[in-house]
1. Conditions first: (1) open to solvent by 70 Å² or more (accessible area, probe 1.4 Å); (2) under 20 Å from residue 29 (Cα atoms). Residue 243 passes all but one, so which condition is the exception?
2. What's the total number of residues in the range 280-291 that are surrounded by fewer than 23 Cβ atoms within 10 Å (Cβ to Cβ) and away from ligand 3 (no atom under 16 Å from the Cβ)?
3. What strands (runs of 3 or more DSSP E) completely inside the range 105-212 contain at least 2 residues that are more than 16 Å from ligand 1 (Cβ to nearest atom) and either charged (D, E, K, R) or open to solvent by less than 70 Å² (accessible area, probe 1.4 Å) (or both)?
4. Take the residues in the range 47-100 that are among the hydroxyl-bearing types (Ser, Thr, Tyr) and over 14 Å from residue 280 (Cβ atoms); name whichever of them is nearest to ligand 2 (Cβ to nearest atom).
5. Select from the range 85-116 the residues that are of a type in the set (Val, Ile, Thr), closer than 19 Å to residue 61 by Cα and touching a strand residue (DSSP E or B) at 6+ places or on another chain (Cβ under 7 Å) and list them in ascending order.
6. Go through (1) free of Cβ contacts under 8 Å to residues at least 24 places away in the same chain; (2) open to solvent by 70 Å² or more (accessible area, probe 1.4 Å); (3) more than 22 Å from the chain's Cα centre (by Cα) one by one and return the number of the condition residue 309 breaks.
Amino acid sequence: MVSYKDLGLVNTRDMFAKAMKGGYAVPAYNFNNMEQIQAIIAACVETQSPVILQVSSGARKYANQTLLRYMGQGAVEMMKDMAKEKGLKPIPIALHLDHGDTFELCKSCIESGFSSVMIDGSHHPYEKNIELTKQVVEYAHKYDVTVEGELGVLAGIEDDVVAAKSTYTKPEEVIDFVGRTGVDSLAISIGTSHGANKFKPEQCTKNADGIYIPPELRFDILEQIQEKIPDFPIVLHGSSSVPIEAVKIINAHGGALKNSIGIPEEQLRKATTYNVCKVNIDSDGRLWMTAAIRKHFAENPAEFDPRKYLGPARQALIEMYKHKNLNVLASAGKA
Ligand code: G3H
Ligand code: 13P
Ligand code: ZN
């Protein structure tokens, strides 16, 4: 058993309490490789933002679960070095399992030093979701590891689970779910979804520049949830904005992305003024990395040194994460 406390990681309890009071959200960025984790830490140190490093089970399979957890843990040491070099404060880092789907997976992550886990029972019937979530909470809390549960289903792809349609969270269930499971935070479904195609064009209007404007998130549902469980940390998954600039670069350099539509950043900013304390972003990083790599290859067809194309990709990620912390989630300066 490795305790996250011995590794300099923190759980999400204090992070969320501060975010709730301060009216901002802590960024939860997914990583699968070295360049992504370097970029997340560099951007969050520079902007002095707390951060949640997220590992999905797909990431564990792709990168090797042992290597990935050491990278997450090593991020604390890298952060300290970077902060010292720049004369800045160290920042709080949580290492979080994203979309854990079984008790065994959550237990294994807790035993290997994760400070926070998500048990996503949202695809199960309500009572089964409660039972599974409660089982994880009981185990996790023995080690002071925080747990995120989910109510309501997001459309899109989560690892191997594909949900064609979303089901909004039912506000009338949240008091019972939170009370009976003992979770520390709750992911809800109010219109966000995973991936780069969050809305169909026919659901959207077009602005003067021909950009698709999706329908508003269901802030009415968020409000009702907040009334039922005031002061309880809410999590938004599927919160990439799918920047048109990145999509254009990809498609101008051989890509074929179609109908890529995300959540407008103003809406995410608005969400942080509610009790939304954690915002999950993965796809935007994938898009900016792809854009930078495609552009680099188009302009340098003879290049074959990975550092030459992964370096610009990492730099594009740094800019994107800094922008999110500064202008969208308002987590900059809150470390
Ligand atoms: O929620 C999904 C995250 O973006 C993780 O994606 O399961 O493909 O690693 P992944
Ligand atoms: P995006 O696909 O919108 O980036 O969502 C990521 C996410 O929710 C990870 O859990
Ligand atoms: Zn998610």
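1. (1)
2. Within the range 280-291, residues that are surrounded by fewer than 23 Cβ atoms within 10 Å (Cβ to Cβ) and away from ligand 3 (no atom under 16 Å from the Cβ) number 1.
3. 146-151
4. Going residue by residue through the range 47-100, those that are among the hydroxyl-bearing types (Ser, Thr, Tyr) are 47, 49, 56-57, 62, 66, 70.
With over 14 Å from residue 280 (Cβ atoms) added as a condition, the list becomes 47, 49, 57, 62, 66, 70.
Values: 47: 19, 49: 17, 57: 11, 62: 15, 66: 22, 70: 22 Å.
If we take residues in the range 47-100 being among the hydroxyl-bearing types (Ser, Thr, Tyr) and over 14 Å from residue 280 (Cβ atoms), then 57 is nearest to ligand 2 (Cβ to nearest atom).
5. Here is the first cut: in the range 85-116, the residues of a type in the set (Val, Ile, Thr) are 91, 93, 102, 110.
Pick out the ones that are also closer than 19 Å to residue 61 by Cα and you get 102, 110.
If the condition is that a residue be of a type in the set (Val, Ile, Thr), closer than 19 Å to residue 61 by Cα and touching a strand residue (DSSP E or B) at 6+ places or on another chain (Cβ under 7 Å), then 110 is the only one that fits.
6. If we test residue 309 against (1) free of Cβ contacts under 8 Å to residues at least 24 places away in the same chain; (2) open to solvent by 70 Å² or more (accessible area, probe 1.4 Å); (3) more than 22 Å from the chain's Cα centre (by Cα), just (2) comes out false.
Results for (1) of a type outside the set (Val, Ile, Thr); (2) open to solvent by 60 Å² or more (accessible area, probe 1.4 Å); (3) assigned to a helix (DSSP H, G or I), shown as yes or no for each residue.
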site: 269; (1), (2), (3): yes, yes, yes
site: 294; (1), (2), (3): yes, yes, yes
site: 303; (1), (2), (3): yes, no, no
site: 313; (1), (2), (3): yes, no, yes
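The values are calculated or read from the model by the stated rules, or taken from the named source; none is laboratory data. Quantities reported herein were computed from a predicted structural model and do not represent experimental measurements. Quick reminder, even Gly has a Cβ in these numbers, built from the backbone with ideal geometry, and neighbours come from all protein chains shown. To get the accessible areas, we keep the full protein, side chains included, count just its heavy atoms, and leave off ligands, DNA and RNA. Shrake-Rupley method; radii C 1.70, N 1.55, O 1.52, S 1.80 Å.
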